[in-house]
Every structure is written in C-alpha cells, then in structure tokens.
C-alpha cells in the first residue's frame, strides 16, 4: 500500500465556490425591495411586540405572528458588528482591506448587512452612526445593491450597552 502521508495533515485546500440563485421573495419581501427601489428602508411591525423587522418575511421571527403593517425605518443606522476583510470576494468586491458590517436602522429591531465606506477601516467602531449611500437614480432596482455602502455621519456613537440584543 502506498504511503499517503496520513501522519502529516493537509494544511490548506483551495475550493473555489460561488452561489447564484433566484427565488420568489413573497409579498413582504417584495414590499421591502420596492421600498429600496425608492431609496426607502421598509420593515414590518410585529402585532404582539411592536418590533419592526427588516428585511421582512411576513412573519415575526419571535412571536410567529403575521406582519402586515409596513414601517419606514432609518435611513440612519448604527453599526452593531463589523469585520475587516483582507481577502476580496466576487467581481464587485471593494478594494481590500474593507469593512463589512451589520447596520441597525433607526426604528428597526434587526440589522442589515453591508459595507462601510468613506472611512479608514481602523476608524470603524461598534456604535458608529452611519447613513446609506445609494446608487444613482437611473441604477435603482429591486435589490439590496441599491445601497452601495454606508458612511459615517457626524453624530455621537451609540453606547454599546444600548445595543445589547443587537450584536
């Protein structure tokens, strides 16, 4: 039997992967996407807790109740978590290093994912206040890509204690 070198574990394997898929977003997500097409961030309110969920699915994730009341949130938001990315991915990836983050829109109970721009990566902080930078009007579609990135605004950081449950 040949020596397979099982005493020396493989240290690294390159596995190129891509996932492109189409899906039917349903009514709640369609309303959210149509809002983005108008540069609005829309959520839906849980009839039991009053919390507003973005990007809505039509059902409150905690109570399981149907959500029907649309609520505009943001557009300002707070960074609740972030990561400095040193290896780009995809053809539209920003130059590295860049910051990917979770953004809690004002009035929402859950965060959206995106990237941070117009600031050095080492200046990004949890609690930093930001606003979306939208694509030009002639490029608007029913897509999260309508928000090119989020940029810092001249407002005080939100204390981390106020973000518990959102991090």
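Checking residue 146 against (1) farther than 25 Å from residue 86 by Cβ; (2) under 15 Å from the mean Cα position of the chain (by Cα); (3) free of Cβ contacts under 8 Å to residues at least 60 places away in the same chain: exactly one of these is not met. Which one?
(3)
For the range 135-146, how many residues meet the condition of being in a loop (DSSP other than H, G, I, E, B) and either within 19 Å of residue 109 (Cβ to Cβ) or out of contact with any strand residue (DSSP E or B) (no Cβ under 6 Å at 6 or more places or on another chain) (or both)?
First, pick out the residues of the range 135-146 that are in a loop (DSSP other than H, G, I, E, B): 135-136, 140-143.
This time we only want the ones that are either within 19 Å of residue 109 (Cβ to Cβ) or out of contact with any strand residue (DSSP E or B) (no Cβ under 6 Å at 6 or more places or on another chain) (or both), so: 136, 140-143.
Looking only at that region, the number is 5.
Mind listing whichever residues of the range 38-54 are buried (at least 20 other Cβ atoms within 10 Å of the Cβ) and closer than 17 Å to residue 103 by Cβ?
Once the filter is applied, which keeps residues that are buried (at least 20 other Cβ atoms within 10 Å of the Cβ) and closer than 17 Å to residue 103 by Cβ, the range 38-54 yields 41, 42, 43, 52, 53, 54.
Could we say that residue 114 is in contact with a helix residue (DSSP H, G or I) (Cβ under 8 Å, 6 or more places away or on another chain), closer than 15 Å to residue 99 by Cβ and in a loop (DSSP other than H, G, I, E, B) here?
No: the conditions fail for residue 114.
Can you spot a residue in the range 124-132 that is within 30 Å of residue 16 (Cβ to Cβ) and in a strand (DSSP E or B)? Step through it out loud before you land on a result.
Here is the first cut: in the range 124-132, the ones within 30 Å of residue 16 (Cβ to Cβ) are 124.
Retained after the next criterion (residues that are in a strand (DSSP E or B)): none.
Within the range 124-132, not a single residue is within 30 Å of residue 16 (Cβ to Cβ) and in a strand (DSSP E or B).
Quick test of your reading of the structure: residue 90 fulfils all but one of (1) surrounded by 18 or more Cβ atoms within 10 Å (Cβ to Cβ); (2) at positive phi. Name the failing condition by number.
All conditions pass for residue 90, except number (1).
Being at pLDDT 95 or above and assigned to a loop (DSSP other than H, G, I, E, B) narrows it down to one residue among 49, 78, 96; which is it? Before the answer, list the steps.
Details: 78 fails: assigned to a loop (DSSP other than H, G, I, E, B); 96 fails: at pLDDT 95 or above.
Only one candidate passes the filter, namely 49.
For the range 102-146, what are the residues that are more than 26 Å from residue 165 (Cβ to Cβ) and crowded, with 17+ Cβ neighbours inside 10 Å?
146
Residues of the range 147-167 being assigned to a helix (DSSP H, G or I) and surrounded by 17 or more Cβ atoms within 10 Å (Cβ to Cβ), which ones?
Kept after step one, since they are assigned to a helix (DSSP H, G or I), are these residues of the range 147-167: 160-163.
Within the range 147-167, just 163 meets the criteria.
Select from the range 15-37 the residues that are in a loop (DSSP other than H, G, I, E, B) and either more than 18 Å from the chain's Cα centre (by Cα) or exposed (fewer than 10 other Cβ atoms within 10 Å of the Cβ) (or both) and list them in ascending order. Lay out the reasoning, then the answer.
To start, the set of residues in the range 15-37 that are in a loop (DSSP other than H, G, I, E, B) comprises 15-25.
Those that are in a loop (DSSP other than H, G, I, E, B) and either more than 18 Å from the chain's Cα centre (by Cα) or exposed (fewer than 10 other Cβ atoms within 10 Å of the Cβ) (or both): 15, 16, 17, 18, 19, 20, 21, 22, 23, 24.
The values are calculated or read from the model by the stated rules, or taken from the named source; none is laboratory data. Nothing here was measured: the structure is a model prediction, and the numbers come from that model. Ideal geometry is used to build each Cβ from the backbone, glycine not excepted, and the neighbour counts take in all protein chains shown.
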